[in-house]
Amino acid sequence: MKVDFKGITAEELSFKLNRIRIQPDTKLDIKPQFSRQVRKMNDNDKMNFVALSVKIESTEAEPKPFDINVTLVGVFEVSGATGDADERKFVIDATSLMYPYLRTAVTNLTAGAYITPLNLPVISGPIFSEDREQYTFTAGGDVN
């Protein structure tokens, strides 16, 4: 399978300051929510679009000093994919490639709003739980 990364664009970049009072010693639990959508171009099976999003929203139960919505769309040309395993590998790899761009967009968006920049965590493996494989480990004994 061959994958060509054609580019990335911002579909949405939004920041909203919430006027809530937070005590100086309060530790905030930001809880970013990630989502992903994968689409193929109707007239060209090789062109794939991967939209990676992060959303942080304040609620009454969990107030946050700001709301953020960021969606980036990566454009990829995929050839030679044979079956579901290749499709899955492409989606996982494309997500991993795009995540640092998403982190940067969030950091720049918050810095541009003149607040302390928010740095999303570094993730060195699959971001979404459905992308993680289940492994069984045994302690001791022989490995065959």
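A short reminder: the numbers here are calculations on the coordinates, not readings from a lab. Worth saying up front: this structure is predicted, and the values here are computed from it rather than measured. Glycine also receives a Cβ, built like all others from the backbone with ideal geometry; neighbour counts cover every protein chain displayed.
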Most exposed first, judged by fewest Cβ atoms within 10 angstrom, Y99, Y114 run Y114, Y99
Footprinting proxy, R21, R88: sorted fewest to most Cβ within 10 Å, the residues are R21, R88
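Using the structure shown, select from K2/K31; K6/K64; K40/K64; K2/K40; K6/K31; K40/K89 the pairs with a Cα to Cα distance greater than 24 angstrom.
Details: K2/K31 35 Å; K6/K64 36 Å; K40/K64 36 Å; K2/K40 16 Å; K6/K31 31 Å; K40/K89 15 Å.
The pairs that break the limit, which is 24 Å between Cα atoms, are K2/K31; K6/K64; K40/K64; K6/K31.
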For K27, the aspartates and glutamates lying under 18 Å Cα to Cα, once residues fewer than eight places off in the same chain are dropped, come out as E57, E60, E62, D67
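Can you give me the relative contact order of the chain as a percent, contacts being Cα pairs under 8 Å and 6 or more apart? If you can, show how the numbers build up before the last one.
Working: 214 pairs, mean separation 37.2, N = 144.
The value is 26 percent.
Can you tell me what percent of all Cα-Cα pairs in the range 2-131 are more than 17 Å apart? Could you put the intermediate results ahead of the total?
Working: 5151 of 8385 pairs.
For the range 2-131, the share of Cα pairs beyond 17 Å comes to 61 percent.
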If one compares the long axis through the Cα atoms of helix 84-112 with the longest principal axis of the Cα atoms of the chain, the angle in degrees, nearest 10, works out at 20 degrees
